[in-house]
1. Can you compute the modelled spin-label distance between residue 38 and residue 440, with each label point 7 Å from Cα toward Cβ, in nm?
2. Report the full-extension gain for the segment residue 233 to residue 359: residue separation times 0.36 nm, less the Cα-Cα distance, to one decimal in nm.
3. For a test of the definition: using alpha carbon positions, the gyration tensor, and the 1.5 limit on a/c, classify region 39-97 as rounded, prolate or oblate.
4. Which length gain, in nm to one decimal place, applies between residue 130 and residue 420 when the Cα-Cα distance is subtracted from 0.36 nm times their residue separation?
5. Can you tell me the FRET efficiency between residue 12 and residue 77 if r is taken as the Cβ-Cβ distance and R0 is 25 Å, rounded to the nearest 0.05?
6. May I ask you to sort 342, 376 by Cβ crowding, counting other Cβ atoms within 10 Å and putting the fewest first?
7. Taking the number of other C-beta atoms within 10 Å as the exposure measure, put 360, 276 in order starting with the fewest.
8. Set the Förster radius R0 to 35 Å, insert the Cβ-Cβ distance between residue 110 and residue 183 as r into 1/(1 + (r/R0)^6), and round the FRET efficiency to 0.05.
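Each reported figure results from applying straightforward, stated rules to the coordinates on display, with no laboratory input. On a predicted model such as this, the values are computed, not experimentally measured, just so you know. For neighbour counting, all protein chains shown are included, and Cβ atoms are generated from backbone atoms with ideal geometry for every residue, glycine included.
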């Protein structure tokens with residue numbers, strides 16, 4: 001049976017003049033700069049993602065958050081009346097509630113109350129399919145639950161265990177539950193370390209092939225999985241709902257130049273993403289950290305697209321990926337995709353978006369649903385990869401098997417012909433690998449020529465999107 005729900009988005013009516021602990025309490029309220037209506041629509045979408053029937057949705061403006069109940073007495077009385085009349089079972093609050101606030105609201109409203117973090121955890125718990133995904137969600141959920149045992153029912157105050165004559169009544173139920181949760185968290189972390197090691201081994205194996213990894217990242221419901229399916233001709237689950245994709249997926253893809261890559265579809269980000277979720281999913285998100293190219297997919301039709309971009313970049317920075325602070329020598333490529341141009345109904349606005357994207361380096365406007373612009377994206381990926389690689393001709397003595405094997409294991413050998421003494425190879429190498437080769441095998445005759453991969457046979461300009469390459 002579908003639960004009837006009330007969705008609430010609290011927002012401070014003015015910027016509070018707070019300090020110390022008061023700032024921490026106010027920090028749980030969504031930022032003032034965000035569009036309240038857009039945030040309310042988002043929390044409704046999150047609720048509907050787990051099939052809640054949202055009967056009523058309201059933005060609640062607050063002068064200041066109440067430590068005990070978040071909302072004032074008058075607001076609570078009004079909400080309690082709505083809940084009684086509409087027979088609502090569940091209230092979803094778009095904020096991070098303290099355990100005390102959650103308990104007091106449940107008493108005052110006479111229904112179950114969950115906050116934004118609890119709702120996102122519910123969605124993740126329902127969507128996890130792989131063993132790895134289940135482990136990560138359970139770890140995040142237990143970390144959340146451990147801090148909220150205080151709001152459990154009175155049976156947690158019972159004493160259990162131990163015998164009277166041994167001295168002491170034994171541990172309380174709440175202490176026992178907290179201990180069991182801690183033990184389970186320790187086991188989950190140990191299992192996720194195994195997952196991390198396995199993923200590291202897989203990445204090392206891929207590097208030996210070697211296929212560059214291109215990771216799709218972006219706000220939830222930005223269209224990453226639709227784009228993934230369009231490019232790889234796969235059938236990954238796609239739905240117009242938040243967090244449709246949870247478990248990461250990887251597929252091989254051949255670019256126009258013939259270069260083979262691995263395309264990775266990852267879990268979507270969201271504003272105010274719970275810290276414990278970022279920590280739990282770190283093993284999965286490390287695929288993004290290790291990617292050769294990060295493709296940031298944006299829903300350009302969304303009215304909060306700039307705010308969503310900031311939220312995504314904040315999560316990436318938390319993972320150690322900050323496009324603004326990365327060293328210039330870092331070989332990682334960055335591409336921004338402006339997706340869902342088909343949803344921009346205004347013809348002039350759509351043309352302006354496409355014109356602006358065309359003028360910006362490493363940016364593509366497209367529609368993953370219709371396929372318009374996807375060829376431009378593939379060509380851009382091709383060009384970004386070509387800028388990171390050196391296509392050179394190497395002459396190596398046939399007696400130096402180690403140097404020849406090194407070129408095969410670290411680069412892509414496009415051509416080879418041997419004479420009586422030497423092997424003549426045309427090899428595409430990462431610039432960093434080229435430097436390592438020169439250091440490791442200084443006696444080998446290195447590149448006698450360099451050729452850029454372009455149809456015209458001329459070097460591609462650094463700012464050229466390479467649509468024809």
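1. So the label points at residue 38 and residue 440 sit 4.8 nm apart.
2. Residue separation times 0.36 nm, minus the Cα-Cα distance, leaves 42.4 nm.
3. Cα axes put region 39-97 in the oblate bin.
4. Roughly 99.0 nm would be gained on extension.
5. 0.75
6. 342, 376
7. The order, fewest Cβ neighbours first, is 360, 276.
8. 0.50
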